Amino acid sequence: MYTRVESVLVAFEVGELIYMSAYDILKEPSTLELVHHAAGLLAEGGCLYFSSGVPYMLWVHLAQSTQPFLYLAWVLEKLKLVDTALFAVSSLVCFFLCECIASKGSATHSNTFS
């Protein structure tokens, strides 16, 4: 069973996927993006409908929250700006979110259900 907060957070993600799918259909049609969004809707809609898997999905989203920092670090690396403070901060935030928080949460979640 999931908590009210968890269900609200996943419902927001479902709403975002619906919006992104509509945007893709109307502005930038892409089969791969639509398949990606449909798979996400199926997975997250299933979590809400069956009341299970929500804690795992939230850890996945936490790991995905590193993407902007990862992209920023990649752009800075391509521009040969790896000695800047912005590169260091984006890399540290990405590392902290992914390695320190998401991996611990995934391990805790796995141990809880094993």
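Laboratory data are not the source of any read-out in this text; all were calculated from the coordinates shown. Note that the structure is predicted; figures quoted are calculated from it, not measured. Note that we place each Cβ from the backbone using ideal geometry, even for glycine, and neighbour counts take in every protein chain shown.
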Given a Förster distance of 25 Å, report the FRET efficiency between residue 14 and residue 80 from their Cβ-Cβ distance, rounded to the nearest 0.05. 0.05
Ranked by Cβ crowding within 10 angstrom, fewest neighbours first, how are 3, 66 ordered? 3, 66
Take the Cβ-Cβ distance between residue 51 and residue 28 as r, set R0 to 35 Å, and report the resulting FRET efficiency rounded to the nearest 0.05. 0.55
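Which ordering of 49, 19 is given by a fewest-first count of other beta-carbon atoms within 10 Å?
Details: 49 8, 19 11.
Ascending Cβ contact count within 10 Å gives the list 49, 19.
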What are the residues whose amide H is under 5 Å from the amide H of residue 66, where those residues sit 5 or more places off or on another chain and H is modelled from the backbone? none
Among 31, 84, what is the fewest-to-most ranking by other Cβ atoms within 10 Å? 31, 84
